[in-house]
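> Structure below; questions to follow.
The values are calculated or read from the model by the stated rules, or taken from the named source; none is laboratory data. No experiment lies behind these values; they were computed from the predicted model shown. Cβ atoms come from the backbone with ideal geometry, glycine included; neighbour counts cover every protein chain shown.
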Amino acid sequence: MDIFEDSGPRQNAPEFTVSEISGAVKRMIEGEFGHVRVRGEIGRVSRPASGHIYFDLKDDRSVLAAVSWKGQAARLSVKPEEGMEVIATGRLTTFPGQSKYQLIVEDIAPAGMGALMMMLEKRKAALAAEGLFAPERKKAIPFLPRVIGVVTSPSGAVIRDILHRLCDRFPRRVLIWPVAVQGEKCAPEVAAAIRGFNALPEGGPIPRPDLLIVARGGGSLEDLWGFNEEIVVRAVAESTIPLISAVGHETDTTLIDHAADRRAPTPSAAAEMAVPVRMELLSWLGDQGARLARAVSQRAEIRRQRLTDLSRALGRPESLLDPARQSLDQWSDRLGPALGAAATRKRAAFNGVAARIHPGLLSRFISEERRRLGDRAARLAPAVARLVRDAGRENARRRADLDQLSSQLAGAQRARFAALSERLSSIDRTRLTLGYAETLKRGYAVVRTEGAVVTTRAAAESAQSLEIEFQDGRIPVLPGGVPKPRKPKSDPPPDQGSLF
């Protein structure tokens, strides 16, 4: 067979470029699979810095490439993780650069409860390994908090139940941080609320809570999934304020329950844990006050009885005082005669001494003392004169020193004044030398117009009138160098005299 005869029909087939074939395939695939739901297991998840998410959907025989662009990835309710079985919703398209087709994912849903529970247990084990659920991290709940912060939806029945229970038990100040408790915004808003309450300063305009309550009503596992997110669990573990978790009903369990300091089965139970019953507390205080009063009364009665018993062993005060009183009476009776006898003895001794003193002897004693006093007076006068003379000499010497210092001070003052005067004269001479008046004496002149100094030719030509200042005076000049004519002085009016 001739090869040319066999190639003839093949040359009549249309020719396509690579781009045309790729475009045709792309249009066909996107037209047939514009909206599909694909069930499979996620594998090989990649999150580059661009924000897109690339992953594979696979089963036991095939692999389908999938991508979720940045805007779509932020709205996904379930973040893809390797090993999850999911149902991905999107559209098929081609990637001509590599001759492959891929699924553009718009939404991801777990394929069943088993996949969610498997992912939940995996995340729980990873967080527990970091110690976020350790009992030693738990903080004690305050007995009576001043301010309670509640993180929940402001429009649900949960917040009304909490406020009603707090009002019934012990009214406290409540700060509500509204958040979404379901959907894609739940986890970031709850974590931001917990961190926001912890960031409030002590003594600021907004009071810092002493206790936090994160509350939500019951729901399915998908509805409560936001409280299983890692960002919420870490925010609860990092909270320095004690936190009570009240998410769902008693049978519902989320990861936030393990990280919280206390778990409440319902939001109402969380309010009961937060504060005591006011009436019960008042009753307890009344009972304690009554017990204290009875204890004080019994103790006082026991001490009074003990004092009475001890007083019986003491002697009577009269028996202790009677001997001392009797001794005092005896000594009082003996005091009067003893004083009289002592005065008599002293008077007799004085009379004996007075009788032995002769009047002449007393006169000689007085004369001798007067003579001794006169001698001392005579010796005192020269001593006083010497002291006065020495003091005068010292005063004269000090006065001479003072005069010398005064003259030195006056001379220094005159010299200082002369130096300052000479310096002032020198400065004044310098001022006169540097002044423009001295410059005028050397043949220069100052040109002014309307009080301002003219420094350029253009300014002089545009001026209406000029004035030139010389050393000995000023003259007005019109533009062009013509002196301005002076107005003739008018003669003074004749003297009219005075009528007065």
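> Working only within region 12-51, note down all residues that are hydroxyl-bearing (Ser, Thr, Tyr) and within 52 Å of the chain's Cα centre (by Cα). If you could, list the steps in order and put the result at the bottom.
Start the filter on region 12-51 by keeping residues that are hydroxyl-bearing (Ser, Thr, Tyr), which leaves 17, 19, 22, 46, 50.
Ser46, Ser50 - these are the residues of region 12-51 that are hydroxyl-bearing (Ser, Thr, Tyr) and within 52 Å of the chain's Cα centre (by Cα).
So that you can scan it fast, the table gives a plain yes or no per residue for (1) part of a loop (DSSP other than H, G, I, E, B); (2) in contact (Cβ under 8 Å) with a residue 12 or more places away in the chain:
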| position | (1), (2) |
| --- | --- |
| Ile29 | no, yes |
| Ile42 | no, yes |
| Val45 | no, yes |
| Ala49 | yes, no |
| Val67 | no, yes |
| Ser77 | yes, yes |
| Thr94 | no, yes |
| Gly97 | yes, no |
| Val105 | no, yes |
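> Sticking with this one: Return yes when Ala187 is under 25 Å from the mean Cα position of the chain (by Cα), under 24 Å from Ser77 (Cα atoms) and in the same structural domain as Ser239 (by TED's automatic domain parsing) and no when it is not. If you could, list the steps in order and put the result at the bottom.
Details: under 25 Å from the mean Cα position of the chain (by Cα): no; under 24 Å from Ser77 (Cα atoms): yes; in the same structural domain as Ser239 (by TED's automatic domain parsing): yes.
Criteria not met by Ala187.
> Does Ala270 count as hydrophobic (A, V, I, L, M, F, W, C), at negative phi and either in contact (Cβ under 8 Å) with a residue 60 or more places away in the chain or not assigned by TED's automatic domain parsing to the domain that holds Asp168 (or both)? Step through it out loud before you land on a result.
Working: hydrophobic (A, V, I, L, M, F, W, C): yes; at negative phi: yes; either in contact (Cβ under 8 Å) with a residue 60 or more places away in the chain or not assigned by TED's automatic domain parsing to the domain that holds Asp168 (or both): yes.
Here the answer is yes, as Ala270 does meet what is asked.
> Consider Glu189 against the criteria (1) acidic (Asp, Glu); (2) over 15 Å from Ile256 (Cβ atoms); (3) surrounded by 17 or more Cβ atoms within 10 Å (Cβ to Cβ): it satisfies all of them except one. Which criterion is unmet?
(2)
> Give all pairs with beta carbons closer than 7 Å in which a residue from region 427-453 that is within 16 Å of Ser465 (Cβ to Cβ) and exposed (fewer than 10 other Cβ atoms within 10 Å of the Cβ) meets a residue that is at pLDDT 80 or above and hydrophobic (A, V, I, L, M, F, W, C); count only pairs at least 6 apart in sequence or on separate chains.
Partner pairs satisfying both residue conditions: none exist.
> Go through region 218-239 and count every residue that is part of a helix (DSSP H, G or I), at pLDDT below 90 and either touching a strand residue (DSSP E or B) at 6+ places or on another chain (Cβ under 6 Å) or under 20 Å from Val150 (Cβ atoms) (or both).
1
> Next question, about the same structure. Test each condition in (1) within 17 Å of Thr94 (Cα to Cα); (2) out of contact with any Leu (no Cβ under 7 Å at 6 or more places or on another chain) for Val36 and report the one that comes out false.
With respect to (1) within 17 Å of Thr94 (Cα to Cα); (2) out of contact with any Leu (no Cβ under 7 Å at 6 or more places or on another chain), Val36 is out only on (2).
> Within region 164-180, count every residue that is out of contact with any Asp or Glu (no Cβ under 7 Å at 6 or more places or on another chain) and crowded, with 16+ Cβ neighbours inside 10 Å. I'd like the intermediate steps shown before the answer.
As a first pass, look at region 164-180 and keep what is out of contact with any Asp or Glu (no Cβ under 7 Å at 6 or more places or on another chain): 164, 166-168, 170-178.
Right, trim to crowded, with 16+ Cβ neighbours inside 10 Å and you get 166, 170, 172, 174-177.
Adding up the residues that qualify gives 7.
> Within the group Ala354, Ala378, Ala415, which residue is among the aliphatic types (A, V, I, L, M) and surrounded by 10 or more Cβ atoms within 10 Å (Cβ to Cβ)?
Values: Ala354 fails: surrounded by 10 or more Cβ atoms within 10 Å (Cβ to Cβ); Ala378 fails: surrounded by 10 or more Cβ atoms within 10 Å (Cβ to Cβ).
Only one candidate qualifies: Ala415.
> Only residues that are modelled with pLDDT under 95, within 19 Å of Pro267 (Cβ to Cβ) and of a type in the set (Gly, Ala, Ser): list them for region 123-178, please.
Passing the criteria: Ser153, Ser155, Gly156, Ala157.
> Within region 23-35, can one find any residue that is outside the structural domain of Glu222 (by TED's automatic domain parsing) and closer than 30 Å to Gly226 by Cβ?
There is at least one residue in region 23-35 that is outside the structural domain of Glu222 (by TED's automatic domain parsing) and closer than 30 Å to Gly226 by Cβ.
> Test of understanding: among Lys124, Lys138, which residue is surrounded by 11 or more Cβ atoms within 10 Å (Cβ to Cβ), in contact with a helix residue (DSSP H, G or I) (Cβ under 9 Å, 6 or more places away or on another chain) and not aliphatic (A, V, I, L, M)? Explain how you work it out, then say what you get.
Values: Lys138 fails: in contact with a helix residue (DSSP H, G or I) (Cβ under 9 Å, 6 or more places away or on another chain).
Sole residue among the options that is surrounded by 11 or more Cβ atoms within 10 Å (Cβ to Cβ), in contact with a helix residue (DSSP H, G or I) (Cβ under 9 Å, 6 or more places away or on another chain) and not aliphatic (A, V, I, L, M): Lys124.
> Here is a follow-up. Could you tell me how many of the residues in region 55-65 are out of contact with any Phe, Trp or Tyr (no Cβ under 9 Å at 6 or more places or on another chain), in a strand (DSSP E or B) and surrounded by fewer than 17 Cβ atoms within 10 Å (Cβ to Cβ)? So that I can check it myself, show each step before the final result.
Within region 55-65, the first condition is being out of contact with any Phe, Trp or Tyr (no Cβ under 9 Å at 6 or more places or on another chain), and the residues that meet it are 55-63.
Subset that is in a strand (DSSP E or B): 55-58, 63.
Pick out the ones that are also surrounded by fewer than 17 Cβ atoms within 10 Å (Cβ to Cβ) and you get 58, 63.
The number of residues fulfilling the criteria is 2.
> Okay, next question. Can you say whether Ile256 is under 55 Å from the mean Cα position of the chain (by Cα), touching a residue at least 24 places away in the same chain (Cβ under 8 Å) and farther than 23 Å from Leu144 by Cα, as far as the supplied structure shows? Spell out the reasoning first.
On the way: under 55 Å from the mean Cα position of the chain (by Cα): yes; touching a residue at least 24 places away in the same chain (Cβ under 8 Å): yes; farther than 23 Å from Leu144 by Cα: yes.
For Ile256, the condition - under 55 Å from the mean Cα position of the chain (by Cα), touching a residue at least 24 places away in the same chain (Cβ under 8 Å) and farther than 23 Å from Leu144 by Cα - is met.
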